Amino acid sequence: MSISEASALLKKLSSEVSSFSASASTTLASLKLILVDFDSLPPLCLPTPDSKEEQRIACEALELGCLLAVKNGDGEAFEGNTNQLFPIYSSCLSVPQSANRKKVQGLYLMFLLVENRLADFHSVLQTYTAEEIGDERINFAVLLERELMVGSYDKFATSSTSLPDPLYQFFMTSLLSTVRDNVADALEVSYESMDLADAQRMLMFQPNETSAFESFVKQSREDWMVVDNEIKFQPVVASNRAEDIPSMKLISQSLSFATEIERIV
Amino acid sequence: MIALPTPPTSHSGPTQSSALSLLSMLQEDSQPLVFSALKKLLRVVDTLWHEVSASLPLLEEIAEGEEFPKETKAVASAVASRVFFHLEEYRDSLRLALGAGDAYFNVVSDKSPYVETLVCKAIEIYTKVSDSSSVADDDVMDDNVEDDGLKDKVLGIVEKMFERCYSERTWSHALGIALEAKNIDKVKQILEKCGDSLNEKVATLQYGLSACTTVVVNRAFRTEALTVIGENFRSLPESHNDFASLVRCEHLLGNSSSVSEMLAGLLKTGGDKSLLALQLCFDLVDTGDQHFVSAVTSGLPKGDSVSSEIKADMEKVTAILEGGFAGELELAFLFKESDSDPLIIANLKKSLEEKGKVASLLHSMSLHANAFLNAGTTNDKFLRENLEYLKKANNWAKFSATANLGCIHQGHVTEAMTLLEPYLPAEGGAVAATGGYAEGGALMALGLIHGKPNCATALRTSTTRYLRDQLRTNSANETICHGAALGVGLSGLGCRDATIFNELKEVLYTDSAVAGEAAGIAMGMVQLGNGGGGNQEVTEMLAYAKDTSHEKIIRGLSLGIALMHYQLEEKADGIIEQLFRDRDPVLRYGGMWTVALAYVGTGNNAAIKKLLHVAISDVSNEVRMAAITALAFVLFKTPERVPELVKLLLVSFNPHVRYASCMAVGIAMAGSGNADTLAILEPMLEDLTDFVRQGALIATSMVMMQAPESHKSYKKFKSKLTGIVGEKHQSPLTKMGAILGQGIMDAGGRNVCLNMASRDGFVKPTSVIGIMMFCQHWFWHPCCSLLGLAFQPTVMAGLNHDLAFVKKFVVTCNSKPSAFAYPARLVEKKEEVKKRVTTVSLSTTAKAKAAAAKKKKEEGGDDMEVDKKEEETKKEGEGEGEEEKEGEEDSEAAKKKKKKGPEPKSFELNNPSRMTKSQVRVCEPKPGRYHPVLAGAKSGIILLTDTTPTEEDDEVEKVTVPSVEEEEAKMPEPFVWRPEGAAPAAAPTTTDTTATTPTTTTDDRAAK
């Protein structure tokens, strides 16, 4: 009974997601309530008569859930869904490939990039097959990561114009601001002052985005001062000095060690 | 009941499994989803707890937050509790399990490891919480025990556990918990509930009694619990009562009057009950609690209107309690059964004399060793035969030499004065200002002879009076004063007589170092265990100790203070604290001994902690030594813990610490022959520091006391002991250890063992004092002699109603004869020396026995004769006429021996015999005409019931005390054993031996 109920709900969810209906989340929640009682899913993975069907429904439902979360711009929900989805991928190898699978896999990599969880990024990448990595949607994230790591931020700017799927835009926007922050940090220490126009270009604002640039400077870089078309960066705070060494603490520690050694029998 | 988690083996899917999906569901908004996820988590948490542990904060939030329904919170608690359980964080686990409630944590029916562990934890917390008096430094006593209301919930759990115990009738479990938690109401409740089955109740009460003496640390509660147990014992019907336990209980409570009443009642009943009364009296005397015994005696009714039979029994009781009958019996046993080997001391003397002049230290030690070897056996032959050697002792060595007579003649109260006459101070003679060493030693010897509380009370009192007179008249001579003061202390041990105390105080106030030291110790002995709670006398002693400039006096006083706090436990804490903080190391030294004596045998953890702290932190070596040695006293009831505790101290860089660790191990494990202990002492025998070697030698010989020759380390150690004495370059201190070791190892004719406890588990004050004083030999060599007090005869003696040995009573020992045999005697190497000592042997094979019996029968001897002869087989002390026959028998047995295969699996012990500590386990009275009146009594003095009392039994032997009035027993003729067809000179070393000294000597004497 529940399996038929689940497939009905899945159909409903699928149409709701594509039509971007507001009721999609509730449908997903009620579907999950059914899914949680399926013993064929991880962590139990017990063989049940309908295990294949159950696993398929669970996969597709959760994939839809992921896409829905991205559409809603809800990173947390996206992660929750992938956490529920990926164990199925790794435990239930017989699950058929769905249309959305590679997209979700690629999006997940993007998500990890945004979160700057590079270790996770690479360990997840290890679980993908060569065929999967070859896919455009996944490969995009892989290339992007490479560019970011080498620091070729300009290449990154160009790739942001050729997205494999519109859903990637959500993550690209956050990535851009992350990159921008990195660049700004570098500027601060490298220059004492800089021309406004140069700075705008360096921070990857289009020439027509002057207002966005100005608000960025005002809001996220409060210590930058704009004087005569130039940005003055604050001098770097001096690093720790000798007096910051916890000498008293070290001395008392050594003394107590000495007494203890005295006592060792 | 929750569903058990599916074990991982039943998974059919890929082995790789993850709870990640479920965990991520916990963050979903939908509450029903969270609930379902949690329920599923509970099924897998036992295998996937490592993953779940990362989400513990979330789980706790759900469990303790407000937003989720109750049911969800319970599951979350259950999941979290199990994760904590796997992480071994039992406290948190318990807290959450209690939150989860009965559905997930069912203590009554669920017996999984999870529940059992948590219940243990709950009980632990329960006992800690209810025991609010204990120091709150334990990790269990976190601040939040009260905060989060855990206490009440724990109470609920424990209550359920009690219910479970009741329904399963495991009363001792419940009683144990109640005792540990110091909950007297529960104790009462349990004892009430188990009352419907008398047998169970008796068992529970017995358990409670032993638990009270071993587990319950707090003195006040112990008294309370014992009172309850005592009441319950008394309320039992007579048919089921365990009188021995009741007496023990009343003794612990100090209720002498009810013991007297009970004894009187038993005597009135007569028959077996009066036998039982006699047995109880022997047990009472064995505890060594002089104070209690005399109180019981005075409480006995002096009825004249009773029948003559009861009157006779009453007289016996008085003889046992007051008349020193037990002491006489021990003396008779030690004298008769002594296996003291005269060659040990003779060889020792020879190897000392080999290099010409004997160093006075070693000379004096050899005399100590002789005293140990013959302690209590009254055998002073070596001294009589070697007067020249003896004369070499000067000054204090002379003092010890004379004092050693007391050690040898210990308990020989009837003739103490005659024996020591030549040495005692002359009547009315002028008091010499110097000298008087022999006189002082003799006075101390008098004290030693009367030191054990099982000797006649009247004689003790008169001796104390005599010694006090001597103390007064010889006050000008500090040596005599020293001996007299110690003598008074020993003979008046624990009498709490204020006059004696004041007399000793006068000696103290003369401010003479030597006399003052003895006076300080003696003051403590007189007021043994009478110093608690800001006692005026203690304050005075302490004040004087701070006043005087003599270190010896301070030491004497601090030891005296220690003695005054004997067994006072918590009551001594005040003075202990004060002494611990003192700037004078000698007083701190006394503080350590105060802990040792106040907590002797309690195993109190707080005391051990204190001692260990001092052992590694004090600046004075002596204080450290005392602290470590004290560990052996506190822990003597669980001796195995001592080697464990001091194992690290044994490898200390400080030689004093190493020395003391050796001594602690030796004292604790004395007579055990434990292989592990010997293994940890072994490297110490080769230590770089001479006195550490000394300590190791003494300790090893303590451990090897009464070890049979078949013991793995026996030969090696024995040859080491003798070897060291002869070594040219060995340090005198090490030699001293080897000499004392020889004495200790074969002490008391191989029939005694160092033991601080009586057979009933009471602490014996004399033994404790003996060992404590022996440890003082570090400062004062004459203290060695006092070790004699700590030797306890390991005797098995069966007595009938007339208090005579019953020969027909035999004990079967289920082990190889060689496991408990006396070691063979040494064989003199030189040919011309008369061959008195040859290996003697008791026929052990059933075959040989049967053959011997048959032979005897043929010769017309009756059954009883056979028994007797068997015992005496191959002893050389027989008369001329017997000798031939004996010879024949020997050869007969030897022939059998050649044929026989492996050793027999069991053998029989005659009455009386030596029965070592470890031997008791494997012994069983052989069923026969006589059986012990107290079922289960195996060692010590056993009263026997006669199943056929009407039948005459002429095979009984009265207890006879050896006497010096008569000449020494005639030496047997030289006797060479010649097997048929063998070379005449062959010594029968191959024969299996169970050597005993001639029993006939006493008979000879009696005949005279």
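The values are calculated or read from the model by the stated rules, or taken from the named source; none is laboratory data. Quick caveat: nothing in here was measured; it's all calculated off a predicted structure. With ideal geometry, Cβ positions are generated from the backbone for all residues, glycine too; neighbour counts draw on all protein chains shown.
Would the range B:550-559 turn up any residue that is surrounded by fewer than 23 Cβ atoms within 10 Å (Cβ to Cβ) and either at pLDDT below 90 or of a type in the set (S, T, Y) (or both)? No, the range B:550-559 contains no residue that is surrounded by fewer than 23 Cβ atoms within 10 Å (Cβ to Cβ) and either at pLDDT below 90 or of a type in the set (S, T, Y) (or both).
Across the range B:467-509, what is the total count of residues that are of a type in the set (D, E) and within 31 Å of the chain's Cα centre (by Cα)? Lay out the reasoning, then the answer.
First, the residues of the range B:467-509 that are of a type in the set (D, E): B:469, B:478, B:497, B:503, B:506.
Add one more test, that the residue is within 31 Å of the chain's Cα centre (by Cα), and what stays is B:497.
Of the residues in that region, 1 qualify.
Against the list (1) touching a helix residue (DSSP H, G or I) at 6+ places or on another chain (Cβ under 6 Å); (2) at pLDDT 90 or above; (3) not in a helix (DSSP H, G or I), the condition B:S815 fails is (2). Any residue in the range A:123-132 that is at pLDDT below 90, buried (at least 18 other Cβ atoms within 10 Å of the Cβ) and more than 14 Å from chain B (Cβ to nearest Cβ)? Yes, some residue in the range A:123-132 is at pLDDT below 90, buried (at least 18 other Cβ atoms within 10 Å of the Cβ) and more than 14 Å from chain B (Cβ to nearest Cβ).
What's the total number of residues in the range B:82-108 that are under 21 Å from B:A54 (Cβ atoms) and more than 42 Å from the chain's Cα centre (by Cα)? Number of matching residues: 12. Regarding A:L113, is this residue within 11 Å of chain B (Cβ to nearest Cβ), in contact (Cβ under 8 Å) with a residue 24 or more places away in the chain and assigned to a helix (DSSP H, G or I)? Taking the combined requirement at face value, the residue does not satisfy it. In the set (1) in contact with a helix residue (DSSP H, G or I) (Cβ under 6 Å, 6 or more places away or on another chain); (2) outside any loop (DSSP other than H, G, I, E, B); (3) among the small types (G, A, S); (4) within 13 Å of chain B (Cβ to nearest Cβ), the condition left unmet by A:G106 is number (4).
Closer than 30 Å to B:K647 by Cβ and either aliphatic (A, V, I, L, M) or more than 14 Å from chain B (Cβ to nearest Cβ) (or both): which single residue out of A:Q253, A:Q219, A:Q206 fits that description?
Numbers: A:Q219 fails: closer than 30 Å to B:K647 by Cβ; A:Q206 fails: closer than 30 Å to B:K647 by Cβ.
Only one candidate passes the filter, namely A:Q253.
Return the residues of the range B:616-641 that are hydrophobic (A, V, I, L, M, F, W, C) and more than 15 Å from B:V665 (Cα to Cα); say none if nothing qualifies. Don't jump to the end; show me each part of the working.
Pass one, the range B:616-641, residues hydrophobic (A, V, I, L, M, F, W, C): B:616, B:619, B:623, B:625-628, B:630-636.
Of everything in the range B:616-641, those that are hydrophobic (A, V, I, L, M, F, W, C) and more than 15 Å from B:V665 (Cα to Cα) turn out to be B:I616, B:V619, B:V623.
So is B:S21 at pLDDT below 90, out of contact with any Leu (no Cβ under 6 Å at 6 or more places or on another chain), buried (at least 22 other Cβ atoms within 10 Å of the Cβ) and hydroxyl-bearing (S, T, Y) or not? Spelling it out, B:S21 is indeed at pLDDT below 90, out of contact with any Leu (no Cβ under 6 Å at 6 or more places or on another chain), buried (at least 22 other Cβ atoms within 10 Å of the Cβ) and hydroxyl-bearing (S, T, Y).
If you go through the range B:348-360 and keep only what is under 14 Å from B:E727 (Cα atoms) and of a type in the set (S, T, N, Q), you end up with just B:S351. Considering only residues in the range B:631-674 that are among the small types (G, A, S), away from chain A (no Cβ under 14 Å) and out of contact with any His (no Cβ under 9 Å at 6 or more places or on another chain), the one that is surrounded by the most Cβ atoms within 10 Å (Cβ to Cβ) turns out to be B:A668.
Exactly one residue among A:V183, A:V142, A:V150 is at pLDDT 85 or above and loosely packed, with under 13 Cβ neighbours inside 10 Å, and that residue is A:V150. Screening A:S193 with (1) surrounded by 13 or more Cβ atoms within 10 Å (Cβ to Cβ); (2) under 25 Å from the mean Cα position of the chain (by Cα) gives one miss only, at (2).
Which ones in the range B:18-43 are closer than 14 Å to A:L85 by Cβ and more than 7 Å from chain A (Cβ to nearest Cβ)?
Taking the range B:18-43 as the starting set, the residues that turn out to be closer than 14 Å to A:L85 by Cβ are B:18, B:20-25, B:28.
Correct list: B:L23 only.
For the range B:526-536, what are the residues that are on the phi < 0 side of the Ramachandran plot and touching a residue at least 40 places away in the same chain (Cβ under 8 Å)?
The initial filter retains those residues of the range B:526-536 that are on the phi < 0 side of the Ramachandran plot, namely B:526-528, B:530-532, B:535-536.
The answer is B:L528, B:G531, B:G532.
Test of understanding: among B:T510, B:T539, B:T499, which residue is of a type in the set (S, T, N, Q), without any contact (Cβ under 8 Å) to a residue 24 or more places away in the chain, more than 18 Å from B:D582 (Cα to Cα) and surrounded by fewer than 21 Cβ atoms within 10 Å (Cβ to Cβ)? It would help to see each step written out before you state the result.
Details: B:T510 fails: without any contact (Cβ under 8 Å) to a residue 24 or more places away in the chain; B:T539 fails: more than 18 Å from B:D582 (Cα to Cα).
From the options B:T510, B:T539, B:T499, the qualifying one is B:T499.
If you go through the range B:584-620 and pick out every residue that is part of a helix (DSSP H, G or I) and within 14 Å of chain A (Cβ to nearest Cβ), you end up with 7.
Checking the structure you have, find out if any residue of the range B:575-591 is surrounded by 21 or more Cβ atoms within 10 Å (Cβ to Cβ), within 22 Å of the chain's Cα centre (by Cα) and at pLDDT 90 or above. No, the conditions are met nowhere in the range B:575-591.
Enumerate the strands (runs of 3 or more DSSP E) found wholly within the range B:705-805, keeping only those where 1 or more residues are touching an Asp or Glu at 6+ places or on another chain (Cβ under 7 Å) and β-branched (V, I, T).
On the way: elements: B:752-754, B:791-793, B:795-799.
The qualifying strands (runs of 3 or more DSSP E) are B:795-799.
Close contacts from the range A:73-97, counting a first residue that is more than 16 Å from A:S25 (Cβ to Cβ) and a second that is among the charged types (D, E, K, R) and not in a helix (DSSP H, G or I), with Cβ to Cβ under 6 Å and a gap of 6+ residues or different chains, come to none at all.
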